[in-house]
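Notes follow once the structure below has been shown.
The values are calculated or read from the model by the stated rules, or taken from the named source; none is laboratory data. Just so it is clear, the model here is predicted, and its values are computed rather than measured. With ideal geometry, Cβ positions are generated from the backbone for all residues, glycine too; neighbour counts draw on all protein chains shown. Note: areas computed on protein heavy atoms with side chains; ligands, DNA, RNA excluded. Shrake-Rupley method; radii C 1.70, N 1.55, O 1.52, S 1.80 Å.
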Amino acid sequence: YNFNHERWGFIAQSTEFARVCLDEATRYALRRRTFGKTLVEHPVIRAKIGEMARQIESTHAMLELMTYQMTQMSKEEQMTKLAADSALIKVQATKMFEYCAREAAQIFGGNSYIRGGQGEKVERLYREVRAMAIPGGSEEIMIDLAVRQILKPIKKL
């Protein structure tokens, strides 16, 4: 068998961790005040929150589709039909997680660098992003695998 199920786990974890970053950053932006207003009243902060939400929801939709396909296909079908998709979705999920962790750290400012402080979860997740991106195949290897899988049927023509 191949690594589709392992990659599915990394995709699910990355998506959930990104959601934690979004939730923590949003809560903080609603509480923290600068220049007489909350952070969330600043358009730049709303744009960051909106972009994080967009990336999380689109990645989650891909995860849902892959989950459905995995429940409907035999192991043999999954190995041939989902290898490219699982590789590309894993890349999407880990890059999205990295983006959300970075943007959440930006919203928290210096509080995202302090262990045990208000930004404790964001600090820890930002530190652990690479732990999702490398196992199960690094991003570069996943993209190469997907391209090779996509080219297989085309080469037969």
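Would you check which residues across region 123-144 are under 14 Å from residue 89 (Cα atoms), open to solvent by less than 30 Å² (accessible area, probe 1.4 Å) and assigned to a helix (DSSP H, G or I) and list them?
132, 133, 139, 142
Checking residue 120 against (1) more than 16 Å from the chain's Cα centre (by Cα); (2) of a type in the set (Asp, Glu); (3) open to solvent by less than 80 Å² (accessible area, probe 1.4 Å), which test does it fail?
(3)
Every residue, every condition in (1) closer than 18 Å to residue 9 by Cα; (2) in contact (Cβ under 8 Å) with a residue 40 or more places away in the chain; (3) in contact with a helix residue (DSSP H, G or I) (Cβ under 7 Å, 6 or more places away or on another chain), yes or no:
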| position | (1), (2), (3) |
| --- | --- |
| 113 | no, no, yes |
| 122 | no, yes, yes |
| 127 | no, no, no |
| 131 | yes, no, no |
| 137 | yes, yes, yes |
| 142 | yes, yes, yes |
| 155 | no, no, no |
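When you go through (1) at pLDDT below 95; (2) part of a helix (DSSP H, G or I); (3) closer than 29 Å to residue 48 by Cβ one by one for residue 101, which number turns out not to apply?
Evaluating residue 101 over (1) at pLDDT below 95; (2) part of a helix (DSSP H, G or I); (3) closer than 29 Å to residue 48 by Cβ leaves (1) as the failure.
Please specify each residue of region 145-157 satisfying the condition of being over 11 Å from residue 87 (Cβ atoms) and either in a loop (DSSP other than H, G, I, E, B) or among the polar types (S, T, N, Q) (or both).
156, 157
For residue 8, only one of the following conditions fails: (1) without any contact (Cβ under 8 Å) to a residue 40 or more places away in the chain; (2) in contact with a Leu (Cβ under 9 Å, 6 or more places away or on another chain). What is its number?
Checking residue 8 against (1) without any contact (Cβ under 8 Å) to a residue 40 or more places away in the chain; (2) in contact with a Leu (Cβ under 9 Å, 6 or more places away or on another chain), the one that fails is (1).
Mind checking which helices (runs of 4 or more DSSP H) fall wholly inside region 1-85 and carry at least 1 residues that are open to solvent by less than 70 Å² (accessible area, probe 1.4 Å), within 30 Å of residue 117 (Cα to Cα) and at pLDDT 95 or above?
Once the helices (runs of 4 or more DSSP H) in region 1-85 are filtered for at least 1 residues that are open to solvent by less than 70 Å² (accessible area, probe 1.4 Å), within 30 Å of residue 117 (Cα to Cα) and at pLDDT 95 or above, what remains is 4-31, 43-72.
Considering only residues that are aliphatic (A, V, I, L, M) and open to solvent by 50 Å² or more (accessible area, probe 1.4 Å), which ones fall in region 86-107?
Result: 88, single match.
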